[in-house]
Amino acid sequence: MTSFSFTIEAQCSESWARAGTIHTAHGSVQTPIFMPVGTQATVKSVSPEELREVGAAIILANTYHLMLRPGYQLIADFGGLHQFMHWDGPILTDSGGFQVFSLGHLRKLSEEGVTFKSHLDGSAHMLTPENVMQIEFELGADIILPLDICAAYPCTFDAAKEAMERTHRWAERALIAREGYQSKQTLFGIVQGACEPELRQQSARFIGNLPFPGLSIGGLSVGEPKAEMWDLLKYVTPELPKGKPRHLLGVGSPEDLVIGVGLGMDMFDCVLPTRVARHGGLFSRFGRINIKSARYRAEHAAIEEGCDCYTCRNYSAAYVHHLARTDEQLYYRLGTIHNLRFMLRLAGQLRAAVIGGTYPAFRDDFLKQYTPASEQVRENQREKWKAARSR
Ligand SMILES: [Zn+2]
């Protein structure tokens, strides 16, 4: 039924990095890949044609947001997400679980599912492993995810274990529910286990052994230090079946991509590149620059020398700086295009390095010259996460 397959073309001999190809009903995706996030069935400020031009091969859309607005029935009436948003390439939808736990109000968690009130209008909703399969079936993405529970950070071992075990039971229910739909969609499993190495291993083994054609690693990048996230992956990857693609959910700064590939990850998604772009943060090989900074006021050169994106090919940094400072609409488009192209070019470079047998050198060179955003920025993100969870 499904037209999904994954082949591995090359593997690094000194790390867990690999280069592969995912086939879906809407086209192929060469990995490692970065997936731009189109929360509301749109990657903010760019058109599908522009996404193609930056090299996007697959995009992600958020079930939680779309089920609340405009409603999955309406999208189904238009023939599904591909037709509704005019994107004919592969799409991945998440289950909505992560947003329920981070955005939803007054949720109640039971074995059956999770009830929450919409962050938009306070209306009550319930997600179960079964109705999430129906909602995602109606949305029609190529890759879909089952309802899972993302434990709070930090949390006790017992809370982490309980969330993981329920996630496992829900995964089995999702697989059964999935059989009721005649579709070409592919259901990935989600590995949980919070920040407990032992649980992470256990979850990777359990989910890896279920008949999911691909695996997402969830519950990371929720506020824990990055070093801890990488350590946890060292426990997860060896337990996963080698032949299935691995998706690191919600992770995707440039350095994350470079490091994550070496830890065996194939797919990444994150709102970060597009979100920081809208706030003036643009990527360069040396780190993130602030285009609003006065140093770009009269800069004749492009944002980044040698960047092949539409923005850098046609505009000076001074012009982009001017647009950003005056809050012009065009800035959002030009800034987003640059950051997305940076991420997709980086994914392509990582793939070429794995195939060429030079991944470890590429990683070391990249990390040597790239300065990541400060820990303070991450601390602010952590605070936001905590605030959202305590409401
Ligand atoms: Zn550029």
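Where a number appears in this text, it was derived from the coordinates with a stated rule and is not lab data. It should be emphasised that the depicted structure is a prediction, and the values quoted were computed from it without experimental measurement. Using ideal geometry, Cβ is built from the backbone for each residue, glycine included, and neighbour counts are taken over all protein chains shown.
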*Tally Lys and Arg at +1 and Asp and Glu at -1 over the other residues with C-beta under 9 Å from the C-beta of Cys309: what net charge comes out?*
0
*Please work out the C-alpha center-to-center distance from the range 289-319 to the range 1-73 and express it in whole Å.*
28
*Given the peptides 10-18, 252-260, arrange them by the average over their residues of other C-beta atoms within 10 Å, most packed first.*
252-260, 10-18
_Förster radius 25 Å - calculated FRET efficiency between Glu112 and Gln73 (Cβ-Cβ, nearest 0.05)_ = 0.65
*Could you list log10 I(q)/I(0) for the chain at q = 0.07, 0.14 Å⁻¹, which the Debye formula gives when each Cα is one point scatterer?*
-0.30, -1.29
*Find the centroid of the Cα atoms in the range 160-206 and in the range 75-102, then give the distance between the two in whole Å.*
20
*Put +1 on the Cβ of each Lys and Arg and -1 on the Cβ of each Asp and Glu in the chain; which of Tyr72, Phe4, Tyr181 then has its Cα farthest toward the positive end of the dipole?*
Tyr72
*Size of the dipole of the range 82-165 about the Cα centre, Lys and Arg at +1 and Asp and Glu at -1 on the beta carbon, nothing else charged, in debye to 20?*
360
*About its Cα centre, how strong a charge dipole does the chain have in debye, to the nearest 20, once Lys and Arg get +1 and Asp and Glu get -1 at the Cβ?*
680
*Tally Lys/Arg at +1 and Asp/Glu at -1 over every other residue whose Cβ is under 12 Å from the Cβ of Gly55; what's the total?*
+1
*For every other residue with a beta carbon closer than 9 angstrom to the beta carbon of Lys44, add +1 if it is Lys or Arg and -1 if Asp or Glu, then tell me the sum.*
+2
